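Structure, as structure tokens:
The values are calculated or read from the model by the stated rules, or taken from the named source; none is laboratory data. Small disclaimer: the values here were computed from a predicted structure and weren't measured. Cβ sites come from the backbone with ideal geometry, for glycine too, and all protein chains shown count toward neighbours.
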């Protein structure tokens, strides 16, 4: 399968905002692509919706310590791929819902960062890969796409953001849905697959107990590459790209 959608040229993209449910979601989903973008001089920022307190494998770690651990890990992972601007919304892990309150928080971040492109999780359940459809992922994806359209561009949506915080409406030009069940675009990340692996290793609480993590991630990338027509031994990340202009 070849690309069926031509996204905006990266030369027209100055800022990208990535919104996910948990720390580490975006590193599994698209950090190879993010590393390519930051290398090209594009400013990439993250918004992480939950505090990640249900994560980790070590039962001796107090649950109230886990959010601090996972924030630190995400900041370390971000540095690997060239990202410094990370906002944590602090919602309870496992309890995320696409509420009006969450939507407003994401609209606020869109208007602050003014991205040309956003990367989000899919709001659609993937029955072939159920583990990718964590309820928090679905909620983050649904709230994010609602924030893109119609709210972030509408001056009369969440009027207090404009009147009280001075945040002007902003139109996101394009949305990339990571790891989509029906992709229409792929990115060859062969040059940055090692950075993706290093970023995932930074999530020690999540990945240290999985000795096959690197093998697993590389196999996913190879499968994506083969499905999109790349030569054997090359790696890809897949997306559903939507024009929102």
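Selection of region 32-60 for residues being exposed (fewer than 13 other Cβ atoms within 10 Å of the Cβ) and farther than 19 Å from residue 195 by Cα yields 57, 58, 59, 60.
Only residues that are out of contact with any helix residue (DSSP H, G or I) (no Cβ under 7 Å at 6 or more places or on another chain), assigned to a helix (DSSP H, G or I) and either without any contact (Cβ under 8 Å) to a residue 24 or more places away in the chain or over 24 Å from residue 135 (Cα atoms) (or both) were counted in region 11-33, giving 3. If you go through region 150-183 and keep only what is loosely packed, with under 13 Cβ neighbours inside 10 Å and at pLDDT below 95, you end up with just 182. For region 83-120, the tally of residues that are assigned to a helix (DSSP H, G or I), free of Cβ contacts under 8 Å to residues at least 60 places away in the same chain and touching a strand residue (DSSP E or B) at 6+ places or on another chain (Cβ under 6 Å) stands at 1. Is region 136-148 home to any residue that is within 27 Å of residue 238 (Cβ to Cβ), over 18 Å from the mean Cα position of the chain (by Cα) and at pLDDT 95 or above? No - not one qualifying residue is present in region 136-148.
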